[in-house]
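Reviewing the structure listed below.
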Amino acid sequence: MIITCPECETRYGVDAAAIGASGRTVRCSRCSHSWVEYQPDNLPPPREVPTSSPRLDSGRRSRPAGTNLPALPRDKKSKAPAILWFLVILTLVGMIAAAIVKRDMIMERLPGSTTVFEALGLIPPPGAGLAIENQRIKAVQKGGKQVVRIEGDIVNVSGKAALVPTMLGIIRDKTGKVLKRWRFKPPLPKLLNKERIGFATEVLPPKGSETYIITFDQRN
């Protein structure tokens, strides 16, 4: 049978069996117009019809036998959902990275966020970025008793402003056993980058005192 494109009037020879009794959606290879074609009521006996064989693009369905109409392209899955999920994940990763970098500012403005950063292990221990230098120990008389005076410097080497936590003194004997612990406040609660401040503390040493250690209290 011969069918004609209703849009551009291009004619095609097709096998009526390929159209089927219920009709078939076809598309013109010239103007790409699609329509539903039906078999004629006075369908003659089937006969061989010479057909042209236009080249089919890859990714298309094979044509039914006896027709030179190009097949409709295969349905392609949309990539939009995958791209959308990628953008969502990328946005979340960017937000998390920004929160980590700016966590000090966030904790300062939103104190409640400190618990979250602590749970994630993103808060450095007290005294991180601070160094104790030039520590000096000497015995002095005070109130009729000999006490030990420990002096030194606290230096901010973190590259940014840092809080100075409570300081901790530890005395050990020659075996390493802890004989005494005491805590004292630092001279300043906060140091700017590369700022240095001196500290001093006095303690009545117990018998057998051998080693004196000054550090930062990790219980802050």
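Could you say whether any residue in region 82-103 is surrounded by 12 or more Cβ atoms within 10 Å (Cβ to Cβ), charged (D, E, K, R), at pLDDT 80 or above and out of contact with any Gly (no Cβ under 9 Å at 6 or more places or on another chain)?
No, there is no match, as no residue in region 82-103 is surrounded by 12 or more Cβ atoms within 10 Å (Cβ to Cβ), charged (D, E, K, R), at pLDDT 80 or above and out of contact with any Gly (no Cβ under 9 Å at 6 or more places or on another chain).
For (1) modelled with pLDDT under 95; (2) over 46 Å from the mean Cα position of the chain (by Cα), each residue gets a yes or a no:
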position: Gly143; (1), (2): yes, yes
position: Ser158; (1), (2): yes, no
position: Ala161; (1), (2): yes, no
position: Ile170; (1), (2): no, no
position: Leu179; (1), (2): no, yes
position: Ile197; (1), (2): no, no
position: Ile214; (1), (2): no, no
position: Asp217; (1), (2): yes, no
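Being in contact (Cβ under 8 Å) with a residue 40 or more places away in the chain and of a type in the set (D, E, K, R) is true for just one of Lys142, Lys207, Lys185, Lys180. Which residue is that? Steps first, answer last, please.
Numbers: Lys207 fails: in contact (Cβ under 8 Å) with a residue 40 or more places away in the chain; Lys185 fails: in contact (Cβ under 8 Å) with a residue 40 or more places away in the chain; Lys180 fails: in contact (Cβ under 8 Å) with a residue 40 or more places away in the chain.
Going through Lys142, Lys207, Lys185, Lys180 in turn, the sole match is Lys142.
Does any residue of region 194-204 turn out to be farther than 12 Å from Leu130 by Cβ and in a loop (DSSP other than H, G, I, E, B)?
Kept after step one, since they are farther than 12 Å from Leu130 by Cβ, are these residues of region 194-204: 198, 200-204.
Restricting the remaining residues to those that are in a loop (DSSP other than H, G, I, E, B) gives 204.
Yes, because at least one residue in region 194-204 is farther than 12 Å from Leu130 by Cβ and in a loop (DSSP other than H, G, I, E, B).
Here is a list of conditions, (1) exposed (fewer than 11 other Cβ atoms within 10 Å of the Cβ); (2) assigned to a loop (DSSP other than H, G, I, E, B); (3) among the β-branched types (Val, Ile, Thr), and Ile123 meets all of them except one; can you say which number that is?
(1)
Is there any pair linking a residue in region 1-12 that is within 15 Å of Gln39 (Cα to Cα) to one that is exposed (fewer than 13 other Cβ atoms within 10 Å of the Cβ) and among the charged types (D, E, K, R), with Cβ under 9 Å and at least six apart or on different chains, and which?
Filtered contacts from region 1-12: Ile2/Arg11; Ile3/Arg11; Thr4/Arg11; Cys5/Arg11.
So that you can scan it fast, the table gives a plain yes or no per residue for (1) assigned by TED's automatic domain parsing to the domain that holds Ser209; (2) over 17 Å from Thr215 (Cβ atoms); (3) in a loop (DSSP other than H, G, I, E, B):
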residue: Gln135; (1), (2), (3): yes, no, no
residue: Lys138; (1), (2), (3): yes, yes, no
residue: Val148; (1), (2), (3): yes, no, no
residue: Gly159; (1), (2), (3): yes, yes, yes
residue: Ile171; (1), (2), (3): yes, no, no
residue: Gly176; (1), (2), (3): yes, no, yes
residue: Leu179; (1), (2), (3): yes, no, no
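Quick check on my filter: what residues within region 183-210 are touching a Gly at 6+ places or on another chain (Cβ under 8 Å) and over 22 Å from Val155 (Cβ atoms)?
Within region 183-210, just Val203 meets the criteria.
Sort out which residues of region 157-190 are of a type in the set (Lys, Arg) and in contact with a Leu (Cβ under 6 Å, 6 or more places away or on another chain), and write them in order of number. If you could, list the steps in order and put the result at the bottom.
Step one: list which residues in region 157-190 are of a type in the set (Lys, Arg), which gives 160, 172, 174, 177, 180-181, 183, 185, 190.
If the condition is that a residue be of a type in the set (Lys, Arg) and in contact with a Leu (Cβ under 6 Å, 6 or more places away or on another chain), then Arg183, Lys190 are the ones that fit.
Among the numbered criteria (1) touching a Phe, Trp or Tyr at 6+ places or on another chain (Cβ under 8 Å); (2) closer than 28 Å to Ala97 by Cα; (3) of a type outside the set (Lys, Arg), which one does Thr166 miss?
(2)
Among the listed residues Ala21, Ala17, which satisfies the condition of being more than 42 Å from the chain's Cα centre (by Cα), part of a helix (DSSP H, G or I) and either more than 30 Å from Ala162 (Cβ to Cβ) or at pLDDT below 60 (or both)? Before the answer, list the steps.
Details: Ala21 fails: part of a helix (DSSP H, G or I).
The conditions single out Ala17.
Can you tell me which condition Glu118 does not meet? The list is (1) modelled with pLDDT of 95 or more; (2) of a type in the set (Asp, Glu); (3) closer than 30 Å to Ile96 by Cβ, and all the others hold.
Going through the list (1) modelled with pLDDT of 95 or more; (2) of a type in the set (Asp, Glu); (3) closer than 30 Å to Ile96 by Cβ, Glu118 breaks only (1).
The values are calculated or read from the model by the stated rules, or taken from the named source; none is laboratory data. All values reported here derive from a predicted model rather than from experimental measurement. Positions of Cβ are generated from backbone atoms using ideal geometry, with glycine treated the same way; all protein chains shown enter the neighbour counts.
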